[in-house]
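Nothing in this text is a laboratory measurement; each read-out follows from the coordinates by a stated rule. Fair warning: this is a prediction, and the values are worked out from it, not measured in the lab. Cβ sites come from the backbone with ideal geometry, for glycine too, and all protein chains shown count toward neighbours.
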Amino acid sequence: MIKYGYARVSTNKQTTDNQLTDLIREGISPENVVTETMSGATSWKFRPELRKLCKKMQSGDTLTVVKLDRLGRNALDVLSFIDIQKSKGISIRILNRSEER
């Protein structure tokens with residue numbers, strides 16, 4: 001069982017630093033955190049780094065995000081993502097922490 005993290009920002013003017021801090025605080029190794037700069041409106045199917053991570057994860061693994069909106073803004077797309085991962089035996093954890101400090 002491996003703990004993975006996913007951090008996303010929408011523009012190059014933003015940083016994933018706060019998300020990374022929260023994920024590492026949760027016990028996720030920095031080498032198991034994937035970051036991406038991509039609009040939240042982009043389906044998970046078209047996010048290269050998230051797709052690579054999905055192919056890497058195996059049954060029993062956990063994917064953690066700081067907030068649900070890091071996975072996307074379209075409810076159906078996010079639910080589809082979660083359902084697919086669940087069917088593979090992968091748990092999704094959402095911390096619901098604010099990126100603002």
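Examine the stretch 92-99 for a residue that is assigned to a loop (DSSP other than H, G, I, E, B), in contact with a Ser or Thr (Cβ under 7 Å, 6 or more places away or on another chain) and exposed (fewer than 15 other Cβ atoms within 10 Å of the Cβ), and state whether such a residue exists.
Scanning the stretch 92-99 turns up no residue that is assigned to a loop (DSSP other than H, G, I, E, B), in contact with a Ser or Thr (Cβ under 7 Å, 6 or more places away or on another chain) and exposed (fewer than 15 other Cβ atoms within 10 Å of the Cβ).
If I ask for residues that are touching a residue at least 24 places away in the same chain (Cβ under 8 Å) and loosely packed, with under 12 Cβ neighbours inside 10 Å, which ones from the stretch 27-46 would you list?
27, 41
Name every residue in the stretch 47-89 that is assigned to a helix (DSSP H, G or I), polar (S, T, N, Q) and out of contact with any helix residue (DSSP H, G or I) (no Cβ under 9 Å at 6 or more places or on another chain), in order of residue number.
87
Mind checking which pairs have a first residue in the stretch 1-22 that is under 16 Å from residue 71 (Cα atoms) and a second that is small (Gly, Ala, Ser) and assigned to a helix (DSSP H, G or I), Cβ under 8 Å, 6 or more apart or different chains?
No pair meets every condition.
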